[in-house]
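Engineer: Structure in structure tokens, see below.
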Amino acid sequence: MNIDGVKTGIVLDHIKAGKSMTIYKLLRLDKIDNTVAIIQNATSSKYGRKDIIKIDQLIDLDFNVLGYVDSNITVNIVEDGKLVRKKHLELPETLDNVIICKNPRCITSVEQEITHSFRLTDRENKIYRCVYCDAEHKVK
Amino acid sequence: MSEIRNLINITDFTVEEIDELIDVANDIVENHSEYEDICNHKKLGTLFFEPSTRTRLSFEAAMLELGGSVLGFSEAGSSSAAKGESVSDTIQTVGCYVDIIAMRHPKEGAPIVGAKRTTVPIINAGDGGHFHPTQTLTDLLTISRKKGRLNNMTIGLCGDLKFGRTVHSLIEAMLRYEGIKFVLISPEELQVPDYVKASMDKAGAEWVEVESLEDAMPELDILYMTRIQRERFFNEEDYVRLKDSYILDLDKLSNAKEDLTIMHPLPRVNEISTEVDDDPRACYFFQALCGKHIRMALILKLLGIKREA
């Protein structure tokens, strides 16, 4: 299988195997004009198997979303065939409209057009809490 | 222009700010006439999307005693919420008419939504089972007046410690003071949640869980009673077995300290026998009075009004 290298664009590496389509949808990569390549189940010396997404265009990425979905992802920025920046992700301090509060007693369950906001309260155990009702959300 | 302050959770205020509120509440009693017109032309909006007796009336009495006026509603059915208006829109609208808002809402976090949409201070008068910070301020003022301190004491909390928001808030507030020991008296089914235990451990507080109120009684300086609700039990047998163990009567008080302070956030159903009401250690109606004084102090603080020296 032959996938061309990215000349100017972004390579999302070390995506947990099977999660590439989730990220594709979250980042709305179907809306961009240039080539997007998704590689699934590639061999990884670090994780055994991994997915990779190559985007043939520089776009603004929501690192909060990416960090939440998979904090092991490496973001490689490529310009004129050269790697100019490598970013390792981590769980973001806050999440806005990424996850929905499931507490039926929370104001977010009834108030229209409200931002669902969570804050990271325990990085080690990957626990977020709703800023409105303090309901716990554990990252799987 | 100074930053708008709200009270959503008790931890929004520092220990020093709570001390300051207690001082003002005591000064209000000592120099009542100095405060009679201090909020002249100021308006308090009481937005109660669910019913309340003590909290709403004490807020209204507090503002009226400060010389201000009050407008609002006492149930969602008599507001535009019944037509489907959002909390955001209601608060933004009312914020145009009043200088400060006290709101109670059945949904958790509703005051946070409100505070984002207005420039007048918001006081959380209870948001579902989440927070009830003015009850906690009331409890702190009551303890301070009865004991002359907020540190170095053993506090027994009795009844439904799992779902009781007043219990969780009081523990959270008292953890900031030195030398507090908590005796948590409840059936196994209604023990305090793990996250509250984790908070106590993190703060280095001493705490113990027991089932017998009589056994715990002799060491208590404060006894904070709450109601046990039948609907919280999985089976009727357990409820029947336990319900009477936590009804406080004079017999159970026989081995209590002479200077015990008995508190209850009210309303009570039958968990404190009426024969206890005349015991000098019963402080729950005094607690209700403290609720008015601390709310007066709170309104002044959030409006940035001080008595002239």
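The values are calculated or read from the model by the stated rules, or taken from the named source; none is laboratory data. Just so it is clear, the structure is predicted and the values come from calculations on it, not from any experiment. As a convention, Cβ positions derive from the backbone with ideal geometry for all residues, glycine included, and neighbour counts pool all protein chains shown.
Engineer: Is it the case that some residue within segment B:38-46 is surrounded by 23 or more Cβ atoms within 10 Å (Cβ to Cβ), on the phi < 0 side of the Ramachandran plot and in a helix (DSSP H, G or I)?
Structural biologist: no
Engineer: If A:VAL65 satisfies every condition in (1) in the same structural domain as A:THR35 (by TED's automatic domain parsing); (2) modelled with pLDDT of 95 or more; (3) of a type in the set (Val, Ile, Thr) but one, which is the exception?
Structural biologist: (2)
Engineer: Moving on. How many residues does segment B:149-195 contain that are crowded, with 21+ Cβ neighbours inside 10 Å, part of a loop (DSSP other than H, G, I, E, B) and out of contact with any helix residue (DSSP H, G or I) (no Cβ under 6 Å at 6 or more places or on another chain)?
Structural biologist: Residues in segment B:149-195 being crowded, with 21+ Cβ neighbours inside 10 Å, part of a loop (DSSP other than H, G, I, E, B) and out of contact with any helix residue (DSSP H, G or I) (no Cβ under 6 Å at 6 or more places or on another chain): 3 in total.
Engineer: If B:ARG268 satisfies every condition in (1) of a type in the set (Lys, Arg); (2) surrounded by fewer than 21 Cβ atoms within 10 Å (Cβ to Cβ); (3) in a helix (DSSP H, G or I) but one, which is the exception?
Structural biologist: The failed condition is (3).
Engineer: Which numbered condition trips up B:ILE4, out of (1) more than 28 Å from B:PHE285 (Cα to Cα); (2) assigned by TED's automatic domain parsing to the domain that holds B:ASN124; (3) outside any helix (DSSP H, G or I)?
Structural biologist: (2)
Engineer: Scan segment B:10-48 residue by residue and report those that are of a type in the set (Val, Ile, Thr) and touching a residue at least 12 places away in the same chain (Cβ under 8 Å).
Structural biologist: Hits for segment B:10-48 are B:ILE10, B:THR11, B:VAL15, B:ILE18, B:ILE22, B:VAL24, B:ILE28, B:VAL29, B:ILE38, B:THR46.
Engineer: Hey, does segment B:223-233 have a residue that's closer than 30 Å to A:THR121 by Cα and assigned to a helix (DSSP H, G or I)?
Structural biologist: Among the residues of segment B:223-233, at least one is closer than 30 Å to A:THR121 by Cα and assigned to a helix (DSSP H, G or I), which makes the answer yes.
Engineer: Here's something else I'd like to know. How many residues are surrounded by fewer than 13 Cβ atoms within 10 Å (Cβ to Cβ) and either in a loop (DSSP other than H, G, I, E, B) or facing chain B (nearest Cβ under 10 Å) (or both) when one looks only at segment A:131-140?
Structural biologist: Residues in segment A:131-140 being surrounded by fewer than 13 Cβ atoms within 10 Å (Cβ to Cβ) and either in a loop (DSSP other than H, G, I, E, B) or facing chain B (nearest Cβ under 10 Å) (or both): 1 in total.
Engineer: What's the number of the condition A:ASN64 fails, among (1) in contact (Cβ under 8 Å) with a residue 40 or more places away in the chain; (2) within 27 Å of A:CYS130 (Cβ to Cβ)?
Structural biologist: Here A:ASN64 meets the rest and fails (1).
Engineer: Which residues, counting only those in segment B:50-82, are among the aromatic types (Phe, Trp, Tyr) and at pLDDT 95 or above?
Structural biologist: Residues of segment B:50-82 that are among the aromatic types (Phe, Trp, Tyr), as a first pass: B:59, B:73.
B:PHE59, the sole residue that qualifies.
Engineer: Going residue by residue through segment B:273-291, is there one that turns out to be surrounded by 21 or more Cβ atoms within 10 Å (Cβ to Cβ), out of contact with any strand residue (DSSP E or B) (no Cβ under 8 Å at 6 or more places or on another chain) and either more than 23 Å from B:ARG56 (Cβ to Cβ) or not polar (S, T, N, Q) (or both)?
Structural biologist: The answer is yes, given that some residue of segment B:273-291 is surrounded by 21 or more Cβ atoms within 10 Å (Cβ to Cβ), out of contact with any strand residue (DSSP E or B) (no Cβ under 8 Å at 6 or more places or on another chain) and either more than 23 Å from B:ARG56 (Cβ to Cβ) or not polar (S, T, N, Q) (or both).
Engineer: Evaluate the following for B:GLY148: is it without any contact (Cβ under 8 Å) to a residue 12 or more places away in the chain and small (Gly, Ala, Ser)?
Structural biologist: Taking the combined requirement at face value, the residue satisfies it.
Engineer: Moving on to the next point. With respect to B:SER245, determine if the residue is modelled with pLDDT under 95, more than 24 Å from B:THR11 (Cα to Cα), surrounded by fewer than 19 Cβ atoms within 10 Å (Cβ to Cβ) and polar (S, T, N, Q).
Structural biologist: Yes, satisfied.
Engineer: Output the strands (runs of 3 or more DSSP E) that fall wholly within segment A:78-128 and possess 3 or more residues being away from chain B (no Cβ under 14 Å) and more than 17 Å from the chain's Cα centre (by Cα), or say none.
Structural biologist: Where strands (runs of 3 or more DSSP E) fall fully within segment A:78-128 and carry at least 3 residues being away from chain B (no Cβ under 14 Å) and more than 17 Å from the chain's Cα centre (by Cα), they are A:82-88.
Condition check ((1) modelled with pLDDT of 90 or more; (2) under 11 Å from the mean Cα position of the chain (by Cα)) across all residues:
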site	(1), (2)
A:GLY5	no, no
A:LEU12	yes, yes
A:GLY18	yes, no
A:TYR24	yes, yes
A:LEU29	yes, no
A:ILE32	no, no
A:VAL36	yes, no
A:ASN41	yes, no
A:SER45	no, no
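Engineer: Against the condition assigned by TED's automatic domain parsing to the domain that holds B:LEU140 and closer than 29 Å to B:ALA115 by Cβ, how does B:PRO280 come out, does it pass?
Structural biologist: no
Per-residue answers, yes or no, for (1) closer than 18 Å to B:LEU184 by Cβ; (2) under 20 Å from the mean Cα position of the chain (by Cα):
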position: B:MET217; (1), (2): yes, no
position: B:LEU220; (1), (2): yes, no
position: B:ARG227; (1), (2): yes, yes
position: B:ASN235; (1), (2): no, no
position: B:SER254; (1), (2): no, no
position: B:LEU266; (1), (2): no, yes
position: B:VAL269; (1), (2): no, yes
position: B:PRO280; (1), (2): no, no
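Engineer: Next up: Please determine whether any residue of segment B:86-109 is of a type in the set (Ser, Thr, Tyr) and without any contact (Cβ under 8 Å) to a residue 24 or more places away in the chain.
Structural biologist: Yes, there is a match, as at least one residue in segment B:86-109 is of a type in the set (Ser, Thr, Tyr) and without any contact (Cβ under 8 Å) to a residue 24 or more places away in the chain.
Engineer: Could you pull out every one of the helices (runs of 4 or more DSSP H) wholly within segment B:58-148 that has 2 or more residues that are surrounded by fewer than 24 Cβ atoms within 10 Å (Cβ to Cβ) and within 14 Å of chain A (Cβ to nearest Cβ)?
Structural biologist: B:87-94, B:110-116
Engineer: Which of (1) part of a loop (DSSP other than H, G, I, E, B); (2) of a type outside the set (A, V, I, L, M, F, W, C); (3) within 17 Å of A:THR74 (Cβ to Cβ) is the odd one out, the single condition A:LYS50 does not satisfy?
Structural biologist: Every listed condition holds for A:LYS50 apart from (1).
Engineer: Being within 30 Å of B:GLY84 (Cα to Cα), of a type in the set (Gly, Ala, Ser) and surrounded by 17 or more Cβ atoms within 10 Å (Cβ to Cβ), is that true of even one residue in segment A:117-130? Walk me through it before giving the result.
Structural biologist: So in segment A:117-130, the residues within 30 Å of B:GLY84 (Cα to Cα) come out as A:117-119, A:129-130.
Right, trim to of a type in the set (Gly, Ala, Ser) and you get A:117.
Filter again for surrounded by 17 or more Cβ atoms within 10 Å (Cβ to Cβ), leaving A:117.
Yes, segment A:117-130 contains at least one residue that is within 30 Å of B:GLY84 (Cα to Cα), of a type in the set (Gly, Ala, Ser) and surrounded by 17 or more Cβ atoms within 10 Å (Cβ to Cβ).
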